[in-house]
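Here's the structure, in structure tokens; my notes come after.
The values are calculated or read from the model by the stated rules, or taken from the named source; none is laboratory data. For clarity, every value in this text was computed on a predicted model and none was experimentally measured. Cβ atoms come from the backbone with ideal geometry, glycine included; neighbour counts cover every protein chain shown.
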Amino acid sequence: MRIRRITLAVLFLLTVLMIADVRYLGTDLSTNRQSSINFNVDRKAPDFAVEKQQTFVQPQNGLTALVVKGQLGTIELTSTTENTIKVSATIGAENQEVLDRLEVKETVSGSEVRYELTGQNGEGMAESGVSFVVEIPAGMEASIEQNFGSIKVDSFVGFLSLDSNFSDVDVRGLEGTATIQSNFSDVDLRQIAGPITLQDSFSTSTVELLPIDGGYDFDLEVNNGTLKQNAGLKVNRVEKRTLAQGPTGEGVHPVVIRSSFGTVTVKLD
Amino acid sequence: MKSFLRLLRKDLEASRWPMGFLSAITLGIMLLVSLKIATGGWPTQAAIAAVTFPLVFLPLWVLWQSFQTLRTEWREDTVYTLLVLPEPGWKIMLAKLSAILLEYTVLLVVTVVGMLIFFFPMVQEAMLVLPGAGWVVRNGILLYVFSLFMIASTIIFVQLAFVVSKMVGRLQGLVALWTLLLSGWLVDRLGILLEPLFGWIPTIPVHALFRLNELKQGMVADWNIAPEIGTWLGTLALLVLTSYIFEHYVEVNG
């Protein structure tokens, strides 16, 4: 009789705990655990049958902002000490007829210079693409938009804005400010020193921060995903949200991350 | 070990008729579908349904069988015989679990063999897009091993739910369902709570294990097992708990 009572008591206790869990922690009955399997496929640019190159060299003068729009290719960006903007574009297409129509257009508007592929006549996206190699003076603002390709940023100094869809983003060395928006992408940010805002969905993102004067102020929120961090932040899980906030040092430089259905890893050296 | 094998044999013997019946049904459906396809009555896609049906049915059957093997002991009053045997509860429960896993394996083998016998041309066609027979066999075995663990967990939950339901006089069905729900919630919470303890364990490169690169270059799948370990430990603890309750049940009613 005693064990029956104990069993019933344990069942009752567990029921109370589960109700409290659901009621006060907002857990739904299925699960709110972080997904434990991450699956990715490399997005390799297709090999086009024909290619052509265009090169642009522009003295910086009053230009302070650069915009590059790419697709199905690689955009490589780096900062230099020269006062010249150099853009080398490789356009690829499935056949010569399509390639002849395509060109990269350079547009200067005020203090902004823009490079993007034009001449696409509604053919399938897989039939043409463009890769860029960009060198800009340190301190400039660079905005890059990439679809179905990859972005590689190396030793960048300035203001960086990335918008990536179905792409791989690889940043190695950044002194300045970064604003990154990514969907269905792999974002790998290493040796970052400065404030950063990252918004991602269905992406795998790694942010490796270097120690910096003034320290960082973290504001991390991951919905329906996984958050890993070694910054010593207290992690709270509310319903399907994982939250981590707090400063390191004086907390001068904000690190804001909003992620949905993704995996975010924040490393602080 | 001998006593365990005796218990296992007893459970396997008890389910040989249902097993034989299900195997016959599986092969019968496949034969019928293959004949219909051969005569042009049905499209070749019907073969997919004929193979998928038993595979979908298998987990449901395992669920039912986990419940049924214990229910039969109570219904036929053989539970008292079981409990007077000088065998610990865990051995009895483990024997039942192993028996169901073996039955699952037999039915799976019947399905695969049936597929190879009746739909071999379609299997050959499928092999053209896969890296090779070795790759398929290797990954098939790996998936089978993973499925064994998942099915074993399910059996443990059902066993606990059934045994706990026998602790109450009335509403046993509801108590069983509630226990099933509670145990699922409990091990899930345990996994989350214990995750930081196992954070040091490296992730498992599933893509390397399954050689996914041979299927498509650049596929990467990593499995972070840290949150799973607490769940697995919790499930094992439930097996021990079930065995304990089962072993002491006769005393309760004595």
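Kindly check whether there is at least one residue in region B:179-195 that is in contact with a Leu (Cβ under 7 Å, 6 or more places away or on another chain), more than 8 Å from every other protein chain (Cβ to nearest Cβ) and in contact (Cβ under 8 Å) with a residue 60 or more places away in the chain. No. In region B:225-254, the residue that is modelled with the lowest pLDDT out of those that are assigned to a helix (DSSP H, G or I) and β-branched (Val, Ile, Thr) is B:Val252. In region B:196-212, of all residues being at the interface with chain A (Cβ under 10 Å from one of its Cβ atoms) and part of a loop (DSSP other than H, G, I, E, B), the one that is surrounded by the most Cβ atoms within 10 Å (Cβ to Cβ) corresponds to B:Thr203. Checked against the criterion of being modelled with pLDDT of 85 or more, assigned by TED's automatic domain parsing to the domain that holds B:Phe21, in a helix (DSSP H, G or I) and of a type outside the set (A, V, I, L, M), the candidates B:Gly173, B:Gly114 yield just one match: B:Gly114. Scanning region A:189-211 for residues that are outside any strand (DSSP E or B), farther than 9 Å from A:Ser259 by Cβ and either touching an Asp or Glu at 6+ places or on another chain (Cβ under 9 Å) or of a type in the set (Lys, Arg) (or both) yields A:Gly194, A:Pro195, A:Leu210, A:Pro211.
Checked against (1) within 12 Å of another protein chain (Cβ to nearest Cβ); (2) surrounded by 15 or more Cβ atoms within 10 Å (Cβ to Cβ), B:Leu215 passes all but a single condition, namely (2).
One line per residue, one yes/no per condition, for (1) in a strand (DSSP E or B); (2) surrounded by fewer than 22 Cβ atoms within 10 Å (Cβ to Cβ); (3) of a type in the set (A, V, I, L, M):
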{"position": "A:Tyr115", "(1), (2), (3)": "yes, no, no"}
{"position": "A:Val130", "(1), (2), (3)": "yes, no, yes"}
{"position": "A:Ser164", "(1), (2), (3)": "yes, no, no"}
{"position": "A:Val169", "(1), (2), (3)": "yes, no, yes"}
{"position": "A:Arg172", "(1), (2), (3)": "yes, yes, no"}
{"position": "A:Glu175", "(1), (2), (3)": "yes, yes, no"}
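The single condition from (1) over 27 Å from B:Leu177 (Cβ atoms); (2) basic (Lys, Arg); (3) modelled with pLDDT of 90 or more that B:Lys10 fails is (3). If you check B:Leu194, B:Leu190, B:Leu130, B:Leu180 for being among the aliphatic types (A, V, I, L, M) and either within 21 Å of the chain's Cα centre (by Cα) or under 19 Å from B:Gln68 (Cα atoms) (or both), only one passes: B:Leu180.
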